[in-house]
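Trainee: Pasting in a structure now, in structure tokens, and then I'll have a few things to ask.
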Amino acid sequence: MPDAFSSFLTPWWPDVAAFLRMGKHGLYVWPTLAICAVALAGEWLLLMQRERRLKSSDGRGAGENLR
Amino acid sequence: MFSRLIFYFASPMRLHALAGRLVRPLLWLALALALPGLWLALVVTPADAVQGEGYRLLYVHVPAAWMSMFVYLLMAFWSFVGLVWHTRASAMLAHALAPTGAVFALLSLVTGAFWGQPMWGTWWVWDARLSSSLLLFFLYLGYLALLRANEDSARADRACAVLALLGAVNLPVIYFSVRWWNTLHQGASLSPGKASMAPEMLTALLLMIGAAWAYTAATAFKRVQLIIAEREAQARWLQQLQDDLNQSDDGGAALPAADLEASRA
């Protein structure tokens, strides 16, 4: 069991440069991860913007007379 | 049981309250799954014997591709429910899912291209899997364009629902394309009952897929809250909720008011 646990903490790379290089595939792996992170974070930024717009307009003009 | 749940949350007020409760826990769940998933994917799992280190793109490409299809399936389902039973919340849920599905469809294409270049020597090829995935992305764009083009929300709901249902025909084509035709794209890494990968790779992949699910659910619930707030601006329950939010510095304190309204309904 301790062996199995330590294997989850042991990196496959000998040094950080090798980790970043990923053989010759680092040029493809890292930009892809960055694009995914930016896309998902961007989606939430747009959602937050939409929420702020909604709050600032209060969204209740039509309902004012009904109250 | 399931149909009772659907009709219970067909009320925008109940759906709004449910979404408000679920967004944060789902976001935390996505993070809790993504962090160990990325750790296993990038740090622990060894290189693939054939594809080298570049295979690690699998951990983002597969979840993105799966979510692009599952989200469309969910959209088609809610569209069907909305068309048949005229439940307003169904259309809102489908609209809330569409942008996230479009993001995942685009990510599926982009991550696939970044995988294709080192493995196949090309960013793009017009084979069945890639072409049908591109069609799925265009279906999402068409859905969103149709939604924006219609001023009348009821008309937009119907038009989008019909497009979602028609476009669902493309889903089995995407899934079975690697079996039906001779494609450059490799076969499925995961299929019911079997996985063609080492256990630690499978664990990493399942964690990333779980994170993508939780992210999608959180994002869709957040968006459906906004859609409800935009469409139901005149509703008293929503105005009461906004008053509660304005009076309280702590947004969480307003939730019981929503629950109270829901229990009154």
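Each value in this text was obtained by applying a stated rule to the coordinates, not by laboratory testing. Fair warning: this is a prediction, and the values are worked out from it, not measured in the lab. We place every Cβ from the backbone using ideal geometry, glycine too, and count neighbours over all the protein chains shown.
Trainee: Give the average, rounded to an integer, of partner chain Cβ atoms located within 10 angstrom of each Cβ in A:20-32.
Mentor: 6
Trainee: How big is the Cα convex hull of chain B in projection, averaged over all directions, in nm²?
Mentor: About 16.2 nm², averaged over all directions.
Trainee: Just how far, in whole angstrom, is the range B:21-40 from the range B:68-145 if you go by their alpha carbon centroids?
Mentor: Spelled out, the Cα-based centre of one part sits 22 Å from the other.
Trainee: Give the order of B:9, B:2 when sorted by the count of other beta carbons within 10 angstrom, beginning with the fewest.
Mentor: Ranking B:9, B:2 by Cβ neighbours within 10 Å, fewest first, gives B:2, B:9.
Trainee: Would you mind calculating the relative contact order of chain B from Cα pairs under 8 angstrom and at least 6 residues apart, reporting the percent as a whole number?
Mentor: 32
Trainee: Kirkwood hydrodynamic radius for the protein assembly as shown: how many Å is it when counted over pairs of different Cα atoms?
Mentor: Computed over the protein assembly as shown, the radius equals 21.7 Å.
Trainee: Still on this structure, please answer the following. Under the rule of -39500 (n - 2.57) per DSSP H run of 4 or more residues, summed and divided by the residues of the protein assembly as shown, what mean residue ellipticity at 222 nm is obtained, to the nearest 500 deg cm²/dmol?
Mentor: Here the helix-only value at 222 nm equals -25000 deg cm²/dmol.
Trainee: Right, next: When a/c reaches 1.5 or more, the comparison of a/b and b/c decides; with that in mind, is the range B:1-76 rounded, prolate or oblate per its Cα gyration tensor?
Mentor: Here the range B:1-76 falls in the prolate category.
Trainee: Using Cβ counts within 10 Å as a stand-in for footprinting exposure, how do B:152, B:244 rank, fewest first?
Mentor: Ordered by Cβ neighbours within 10 Å, fewest first: B:152, B:244.
Trainee: Would you list the membrane-span-like helices of chain B, meaning whole DSSP H runs whose alpha-carbon atoms span at least 15 Å along their axis and whose mean Kyte-Doolittle value is at least -0.5?
Mentor: Result, helices passing both filters: B:12-39, B:58-85, B:88-120, B:128-149, B:153-167, B:199-231.
Trainee: Kirkwood hydrodynamic radius, computed over distinct alpha-carbon pairs, for the range B:108-163: how many Å, to one decimal?
Mentor: 13.0
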